[in-house]
Amino acid sequence: MEWLYKNWKKFGKNFEEGGKLTWLSSFYDAFDTFLFTPQTTAKRNGTHIHDGSDSKRTMILVVIALIPALLFGMFNVGYQHLLATGQLAAGMTAALWWKAFGFGFLAVLPFIIVSYAVGLGIEFIVAQIKHAS
């Protein structure tokens, strides 16, 4: 991991003041804090947390906590589909459970991909605009 960090920081010199990619420094900063723990901490006033934790690290815990709800939602979409099409007349078997989950997975996955891509895109664009001003 140390090798990756050293090469990443070497690559980051292109984004520093005077580098050929200075105008994209906010993108580099965003990926830097996403991939590695920040090296800065909060100033020592009041009751603030004084570690390298930031909102990205906190929000990944939120995403992990929502995984069970996402999995159940995927199953439920498939279950409701099977129920509406009359395929559950004999009851829920293991094969139908997997069929329901598979259908729900394929139905929900595009929404997840689009929402994450749009959210990340907006976050990067706003960071670029805020950094440029």
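Can you go through ALA69, ALA84 and tell me which one is among the hydrophobic types (A, V, I, L, M, F, W, C) and either closer than 26 Å to GLU123 by Cα or at pLDDT below 85 (or both)?
ALA69
Spot the failing condition for GLY52; the list is (1) farther than 23 Å from TYR5 by Cβ; (2) open to solvent by less than 60 Å² (accessible area, probe 1.4 Å); (3) modelled with pLDDT under 90, and only one is missed.
The number of the failed condition is (1).
When LEU106 is evaluated against the numbered criteria (1) closer than 27 Å to PHE31 by Cβ; (2) at pLDDT 95 or above; (3) not hydroxyl-bearing (Ser, Thr, Tyr), which criterion, by number, is the only one it fails?
(1)
What's the number of the only condition in (1) closer than 30 Å to LEU4 by Cβ; (2) open to solvent by less than 80 Å² (accessible area, probe 1.4 Å); (3) at pLDDT below 80 that ILE112 fails to meet?
The number of the failed condition is (3).
Quick one: how many residues across the stretch 24-38 are at pLDDT 75 or above and among the aromatic types (Phe, Trp, Tyr)?
3
Please determine whether any residue of the stretch 58-70 is closer than 30 Å to ASP29 by Cβ and among the small types (Gly, Ala, Ser).
yes
Give the residue that is farthest from GLY121 (Cα to Cα), with candidates limited to residues of the stretch 13-23 that are out of contact with any Phe, Trp or Tyr (no Cβ under 6 Å at 6 or more places or on another chain) and open to solvent by less than 60 Å² (accessible area, probe 1.4 Å).
Checking each candidate, the answer is GLY19.
So LYS130 clears everything in (1) in a helix (DSSP H, G or I); (2) open to solvent by 70 Å² or more (accessible area, probe 1.4 Å); (3) at pLDDT below 80; (4) under 30 Å from GLU2 (Cα atoms) except one condition, right? Which one?
In the conditions (1) in a helix (DSSP H, G or I); (2) open to solvent by 70 Å² or more (accessible area, probe 1.4 Å); (3) at pLDDT below 80; (4) under 30 Å from GLU2 (Cα atoms), LYS130 misses (4) alone.
Among the residues of the stretch 78-87, what is the count of those that are open to solvent by 60 Å² or more (accessible area, probe 1.4 Å) and hydrophobic (A, V, I, L, M, F, W, C)?
2
Does VAL63 fit the bill of being open to solvent by less than 80 Å² (accessible area, probe 1.4 Å), modelled with pLDDT of 90 or more and not small (Gly, Ala, Ser)?
Criteria not met by VAL63.
The values are calculated or read from the model by the stated rules, or taken from the named source; none is laboratory data. Quantities reported herein were computed from a predicted structural model and do not represent experimental measurements. Cβ sites come from the backbone with ideal geometry, for glycine too, and all protein chains shown count toward neighbours. Just the protein is used for accessible areas: all its heavy atoms, side chains included, with ligands, DNA and RNA removed. Shrake-Rupley method; radii C 1.70, N 1.55, O 1.52, S 1.80 Å.
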